[in-house]
Protein chains: 2
Amino acid sequence: MTAKPLLLFVSAHDNADPWVAELKAQLPEVEVRVWPDCPDKAAVDYALVWKPPAGLLATLPNLKVIFSLGAGVDGLLADPALPDRPLVRMVEPGLTEGMTEYVCLHVLRWHRDSPLWEQQQRDRVWKQSAHVPLARERRVGVMGLGALGSDAAAMLAALRFDVAGWSRSPKDIPGVKGFHGADQLPAFLARTEILVCLLPATAETDGLLDAGLFAGLPRDAVVINASRGQVLVEEDLLAALDSGHLRGATLDVFRTEPLPPDHPFWTHPKVTITPHVAAITQARTGVQQVVDGFRRHQAGQPLVNLVDRSRGY
Amino acid sequence: MTAKPLLLFVSAHDNADPWVAELKAQLPEVEVRVWPDCPDKAAVDYALVWKPPAGLLATLPNLKVIFSLGAGVDGLLADPALPDRPLVRMVEPGLTEGMTEYVCLHVLRWHRDSPLWEQQQRDRVWKQSAHVPLARERRVGVMGLGALGSDAAAMLAALRFDVAGWSRSPKDIPGVKGFHGADQLPAFLARTEILVCLLPATAETDGLLDAGLFAGLPRDAVVINASRGQVLVEEDLLAALDSGHLRGATLDVFRTEPLPPDHPFWTHPKVTITPHVAAITQARTGVQQVVDGFRRHQAGQPLVNLVDRSRGY
């Protein structure tokens, strides 16, 4: 009798219980262990990981496929000892839907001047604004049109916003004006009143949201970053807010997480922050992706949502 | 030569300039005056009004049609001297779209626990939540399915919320579970985690959102009122929030507006208020409705969006 294939779950940031329960329910033919419970490293066939200890995966000699628990794999790729095995990115509806909710909420919030009303409530001021534009009159721009960006852009269009998208290569999303490549970035920025960044963290996008990019946005534009902290130059954002060029920012991700207690973002009057909660992979639907990958691998079929390490996502 | 028909604009709450400009552009065959500039009351044929002085309309002997600047006509109907002329309610896309934006924003805000994150930012606390449900797992209920409620309910369903609607008579909105009448109100309330009230203010709806109704909602439910202040019993809402039964409330309308400076809503930690800005009639599209009504009346055709005074809307 052959031993069951073994899957190792590795995350210090997630509660393993719902994941193990879903894996046992949906994948009974696999044995599941939760790191650091792993007496025989040579027995590990599959790994499902979020921010594993650096070098850990290299100590698993018979590892066949690495599944990421999150959409972003920049943390994994930063490990110089990451073994050369197929790496599957998490693309699951819960992650996509959660991100789209977050993006719609924060675009609507700035579109509808919520920070002003919140301040007025604190000051007990009853005062209406002269002009309230409609969503159809508000130009929103989404940078990054992968699984997350495409869904968010389409939903913003459904909410009647005037939406454009920008990505490295051309993408066609119904109801969304398409821009792509470095050449079309200035035109995209010039028409964007609310910028949503959903770019993956790669060598190319590192620090892309900097002073030069902010200068290309119209005055009173808003920046929403829900992708990765490395994409944004934090000092440049603060400068653009303080100069009065930008109206505000919503940030879910940061260069250092947790955000240090003395960071100026915490108390900046124009900055709304959330603690990296825009989108959380859901155990039930996340495990479905692992099951699909496992079945394909066992059947010798090509894996989907494979990371292209040369691109970084 | 016959004098031009005369339209009198009456509102102390709106800037008349954009309205007059749009009326002149879209309806050049009509003379427009802005109250109190009205030397000859007998010359007034049409009135476009928001909260006119009580009794004013009764002093216009040749008034033919009254157009309301807002969707709600409860203020007009409360004038015992309101003349018995056709009364046209404002149904214009800007009003509907603005309300839908407001509803989606505030449903998303409570759905995604924004008040918690805002408090954590003030306290410089970085802490994620154990479970973040998706919109598809969140049950939202919309009371009132007229032009505003139908559009809001459909958009909430597009945002993937699990949406039900309740109205006096049956309404069929794709993707929205229908409830109607007093008999079905308890079942509607029992499944509603976030309640959105878009009911018109009538004798029937006065004080409908009271302690008994709140008790029918599940624990930790949220109430959003963007229709009329009279629909809500404010003390009952405060009691349901303070007892811990309700999680929070967003209110755009109040029994007394402006909200008095000493009202407990201003500082209540579970209450978000906005100064009656959920939906503002837009001059450009609003005037299109007046033009349509004027042309129909001149041609002897039936008017649309007429108020049924026996129903109150």
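Before moving on, here are some points about what is shown:
- DSSP beta bridges confined to segment A:93-273 are antiparallel in about 0 percent of cases.
- For segment B:15-89, the list of GluC sites (Glu not before Pro) that fall in a loop by DSSP and count at most 16 other C-beta atoms within 10 angstrom reads B:GLU29.
- Of B:LYS4/B:LYS64; B:LYS4/B:LYS24; A:LYS4/A:LYS24; A:LYS51/B:LYS127; A:LYS51/A:LYS171; B:LYS4/B:LYS51, pairs whose Cα-Cα distance is over 22 Å: A:LYS51/A:LYS171; B:LYS4/B:LYS51
- Shortest-first distances to equivalent copies, position B:ALA3, nm, label 7 Å out along Cβ: 10.0
- Relative contact order computed over segment B:75-192 (Cα-Cα under 8 Å; 6+ residues apart), in percent: 20
- Scattering from chain B was approximated by placing one identical point on each alpha carbon and applying the Debye formula without solvent; log10 I(q)/I(0) at 0.09, 0.11 1/Å stands at -0.51, -0.73.
- Counting, for every residue in A:109-118, the Cβ atoms of other protein chains within 10 Å of its Cβ and taking the mean gives 4.
- With its label point defined 7 Å out from Cα along the Cα-to-Cβ axis, B:ALA187 lies at 5.5 nm from the matching points of the other copies, in increasing order.
- Each helix, a run of at least 4 DSSP H residues, gives -39500 (n - 2.57); summed and divided by the residues of the protein assembly as shown, these come to -9500 deg cm²/dmol at 222 nm.
- Where a label projected 7 Å from the Cα of B:LYS24 along Cα→Cβ would reach, residues of segment B:286-303 with amide N under 19 Å: B:286-288, B:290-291
- Averaging 1/r over each pair of different alpha-carbon atoms in the protein assembly as shown and inverting the result gives 27.1 Å, the Kirkwood hydrodynamic radius.
- Relative contact order of segment B:16-67, taken over Cα pairs closer than 8 Å and 6 or more residues apart, is 32 percent.
- Chain B, relative contact order [Cα under 8 Å, separation at least 6], %: 17
- Test item: Cα-centred dipole of the protein assembly as shown, Lys/Arg +1 and Asp/Glu -1 on Cβ, debye: 880
- Top of B:ILE66, B:ILE224, B:ILE273 by mean-square fluctuation, Gaussian network on chain B, Cα under 10 Å: B:ILE273
- The simple spin-label model puts a point 7 Å past each Cα toward its Cβ; for A:GLU257 and A:GLU235 those points are separated by 2.4 nm.
- In chain A the longest region clear of trypsin sites (Lys or Arg not before Pro) that are loop-assigned by DSSP and have at most 11 other C-beta atoms within 10 Å covers A:1-126.
- Inter-copy label distances for B:ALA299: 6.2 nm (label point placed 7 Å from Cα along Cα→Cβ; shortest first).
- Summed over all non-identical Cα pairs, the Kirkwood treatment of segment A:93-273 gives a radius of 16.6 Å.
Since every read-out is calculated from the coordinates, none of them should be taken as a lab result. Just so it is clear, the structure is predicted and the values come from calculations on it, not from any experiment. Glycine gets a Cβ as well: all are built from the backbone with ideal geometry, and neighbour counts include every protein chain shown.
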